[in-house]
Every structure is written in C-alpha cells, then in structure tokens.
1. Beyond 18 Å between alpha-carbons counts as too far, so tell me which of 165/259; 41/63; 182/413; 168/283; 243/413; 279/375 fall in that bin.
2. Over the chain, what is the percentage of antiparallel beta bridges among all DSSP beta bridges, to the nearest 5?
3. Rounded, prolate or oblate: which fits the stretch 34-79, taking a ≥ b ≥ c as square roots of the Cα gyration tensor eigenvalues, rounded meaning a/c under 1.5, else prolate when a/b beats b/c?
4. Stretched out fully, how many nm does the piece from residue 108 to residue 52 gain, at 0.36 nm a residue minus the Cα gap?
5. Using only C-alpha atoms and all pairs of different ones, pull out the Kirkwood radius for the stretch 149-206 in Å with one decimal.
6. Could you give the radius of gyration (one decimal) and Dmax (whole number) of the Cα atoms in the chain, in Å?
7. Positive end of the dipole of the stretch 133-279, charges at C-beta (+1 Lys, Arg; -1 Asp, Glu), about the Cα centre: which of 186, 237, 220 has its Cα farthest in that direction?
8. Explain nothing, just the number: dipole magnitude of the stretch 168-250 about its Cα centre with +1 on each Lys and Arg Cβ and -1 on each Asp and Glu Cβ, in debye rounded to the nearest 20.
Amino acid sequence: MRRSRLVLFIAVFVLGLAVTGAQAVTEIQWWHAHGGRLGEKVNAIAAGFNSLQSKYRVVPTYKGSYPDTMTAGIAAFRSKNPPHILQVFEVGTATMMAARGAIKPVYEVMAESGVPFDPNAYLSTVISYYTTPDGRMLSMPFNSSTPVLYYNKDAFRKAGLDPNKPPKTWPEVAEYARKLVKAGYSAGFSTAWISWIHLENFSAWHNVPFGTKQNGFGGLDTEFVFNGPLQVRHIQQLADWQKEKIFVYGGRRNLGNAKFSSEEVAMYTESSAGYAGFKKTCKFEFGTSMLPYWPDVPGAPQNTIIGGASLWVMAGHPAEDYRGVATFFGYLSSPSVQADWHQFTGYLPITTDAYYLTKGQGFYEKNPGMETALKQMTLHKPTENSRGLRFGNYVQERSIIYGELEAIFAGKKSAQEGLDDAVAAGNKLLRKFERAHK
C-alpha cells in the first residue's frame with residue numbers, strides 16, 4: 001500500500017514538473033543554518049530537486065547559526081529583499097507567527113499552487129508545533145529532533161552494569177552513575193541543551209505545564225510556570241548530584257558533547273540529531289534509550305517535544321515563485337528524500353511514509369538507536385502540556401534560563417530561587433511581546 005502511494009507520488013510529482021524548456025528558470029532562495037556535513041546534505045537535496053526539472057532552481061545559502069539566520073531574514077524583509085524560504089529554529093516560531101505581513105503561511109502556499117499536499121501525512125507530534133489551533137500548517141517542518149539518553153555500553157560492562165539495560169528512571173540514573181564513578185569515570189552523566197531537555201522536555205515528559213494557556217498556544221497572555229514543585233525538585237536534584245560529582249554541567253547548547261565522546265561521562269542526554277556525530281567520533285560502543293523519568297509522577301512518561309527548525313515562506317514574491325516553493329516542499333516531503341535526510345542526520349522523519357520506508361529498508365535493525373526518538377515522540381497522544389511551546393521572545397528567555405541554571409549549579413542560588421527569578425524575568429519579556437503584537 002505504501003509502495004503504491006510512493007509510486008503515485010513520484011508520478012504526480014514528475015507530471016507536475018513537466019515544463020517547456022523555453023521558460024526562464026525561476027530561482028528560489030533558501031536561507032538556512034546548516035554548516036559542515038549538514039550543509040553539504042542541504043546542498044545535495046537542492047541539487048536533487050534542480051536535476052529533476054528545469055523550471056525552478058533552488059539556491060541554498062548558509063547564513064550562520066540559527067539566531068544569525070533568523071536575524072538575517074528579518075533584516076532582509078525590512079530591506080524588501082527577503083529570501084523565499086527562511087529556516088527558523090523552533091523557539092522563533094511565535095515571533096514568526098506574529099510577524100504580520102512578513103510571512104506567507106504554508107497552507108496558503110500549497111493550496112494556491114495546486115501541488116498535492118496532505119497535512120495528515122506528517123507526524124502529528126512534529127507539525128503540531130507549527131500549526132494553528134485549527135490545524136493549518138504555518139511553516140514546513142524540516143529538521144526536527146527530540147532528546148534521548150546516550151550511554152556508553154563499554155563503560156557499563158566495566159562498571160558491572162548490563163549494557164542492554166539502560167536506566168529508565170532518574171533514581172536508576174543516580175544508582176548507575178555512582179557505579180560508573182567507582183569504575184573510574186570522572187562523573188556519571190551530563191547533558192546538552194539543559195533548558196530544552198531538563199525543563200522544556202522534562203515538563204512535557206512528566207505532563208506538567210511549562211507555561212499557562214497551553215504552553216502559549218492559547219494566547220499571547222500566557223505566563224511561565226516552570227518553577228513548579230516538580231521542575232524545582234528535578235533541578236535541585238541535579239545540583240545536589242553535581243555536589244556528589246555524579247552529574248556535571250556540560251555548558252550551554254551542546255558544548256558538553258566532548259564529555260561523552262571522550263568518555264569523561266558514560267551517560268549523556270542530547271538531541272537525537274547528535275547520533276551521527278557520536279557515531280563518527282566515539283571510539284566505543286554506545287546505545288540510546290528514552291529519557292529517564294521520575295517514577296512517582298502520575299502519567300509519566302508522556303511524550304517529548306521537538307527541537308530543530310522549520311522552513312518559513314517569506315512574503316513579497318510573485319505568485320509563480322510560490323508555485324516553485326510549493327513544488328520544492330512537495331519534493332522535500334517525499335518519502336525517499338525524508339528517509340534519506342533522517343538516516344543521514346538523526347533528525348526525525350517528518351512523515352509517516354518516510355518512517356515506514358526507513359523501517360522497510362531494515363535501517364533500524366542495523367541502527368537501533370535511530371528509532372528511539374520516534375518511539376519516544378509517539379509514546380502517547382500529545383496533551384496540552386506535551387504538544388510543544390509557543391512563547392514570544394523565547395530566544396532571549398532561554399538565555400535567561402541558562403544564566404539562572406548556571407547560578408544554581410554554581411551554588412549561588414537554590415533551584416527554587418533560580419527558577420523563580422527566571423520565570424519573573426521571562427514573564428516581563430512575555431508582556432513586552434504581548435504589547436508589541438496585540
């Protein structure tokens with residue numbers, strides 16, 4: 001059934017691209033934030049699309065980090081020369097939604113183009129982040145990931161632990177970590193992206209709110225509440241474990257990745273998209289498992305939420321250009337392209353067909369760690385607390401959270417004091433955003 005759908009899609013796609021050679025080529029500018037090997041893969045995707053037809057030519061351009069790319073896109077719009085497609089990380093979603101006149105929603109682009117488009121083909125836990133409350137897709141998901149637990153199987157053997165039984169709960173993590181330290185490791189575990197993993201995803205995983213109004217999906221008058229008892233308990237526990245030296249703070253973003261790949265720690269929470277990098281750099285056998293949870297919390301584990309970025313269509317271009325964008329999005333969402341992107345990078349497949357194509361190819365049997373993220377994301381139907389986050393000015397707020405967490409881990413504040421201060425400062429930014437976009 002799925003194979004026939006794939007053949008049908010390709011046939012429709014090729015027919016849709018049947019063009020006359022006399023027409024001028026329409027260039028589609030795609031600004032993105034992928035450097036290195038990911039950038040090379042982005043270029044290969046664009047080249048694959050360009051080779052299939054001669055009417056449109058997608059031109060990918062690397063613009064630096066996520067914030068750099070977003071800033072460049074906003075500046076280009078203000079100077080009336082925006083790209084057609086702008087990659088924006090997930091925390092910029094609310095800002096892009098509020099940028100009236102600057103964007104053209106994906107559902108409009110696809111409807112006006114006539115290019116085949118089925119919103120139900122996409123993973124609900126992925127597109128829910130990028131859709132209106134009534135399910136209309138605003139931006140095209142592209143590189144979506146979710147955090148998982150990586151663990152060093154060789155280290156587990158050395159510490160007398162079963163390499164096929166990673167810890168499921170946080171008490172088990174502490175127990176395993178103590179044994180790993182006794183076996184000679186500097187610390188038991190560390191983490192990347194501590195705000196994303198240990199506050200944002202932690203809240204979704206335990207089905208408690210991060211903010212009011214459905215974590216911001218319900219309106220701009222939302223407020224942060226991530227200083228609740230469970231979040232405070234978890235962060236204070238991390239701080240206490242750091243004093244015990246079984247946990248070590250790894251730094252902002254994913255600066256701590258070397259702690260895992262160099263075997264300073266044997267357990268590490270990081271994005272599923274870190275898999276390809278660890279596969280290349282780690283000189284030991286490692287595995288992945290779902291994020292640990294607190295077993296005394298009713299309903300846990302729930303499901304995790306995504307990170308990564310989506311593709312926004314910028315306003316101000318001719319109608320024919322948007323047909324080119326829609327045609328490219330159809331290609332980008334095709335099972336073969338998505339499966340290849342997922343298998344190369346560790347990002348999630350954005351469609352169910354891409355997932356089943358990968359599964360049918362036997363990829364997960366050869367790379368079992370690559371399926372953990374998808375199983376975790378789809379563990380349960382998302383709730384209001386686990387659908388995602390949508391807060392204005394969240395780029396700045398994450399920076400505040402980082403600062404407060406670092407004060408906690410430095411022993412300057414308790415978890416309650418630090419999270420209270422982060423919530424208070426964040427709510428001021430939310431009110432500022434609300435006033436600016438009413």
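1. Working: 165/259 22 Å; 41/63 15 Å; 182/413 29 Å; 168/283 25 Å; 243/413 14 Å; 279/375 20 Å.
Among 165/259; 41/63; 182/413; 168/283; 243/413; 279/375, the Cα-Cα distance tops 18 Å for 165/259; 182/413; 168/283; 279/375.
2. 60 percent
3. oblate
4. 17.7 nm
5. It is 12.2 Å.
6. 22.0, 72
7. 186
8. On the way: 8 positive and 7 negative charges, 81 e Å.
In debye, rounded to 20, the stretch 168-250 gives about 380.
Where a number appears in this text, it was derived from the coordinates with a stated rule and is not lab data. If you're wondering where the values come from, they're calculated on a predicted model, not measured in any experiment. Methodologically, a virtual Cβ is constructed for each residue, glycine included, from the backbone with ideal geometry; neighbour enumeration extends over all protein chains shown.
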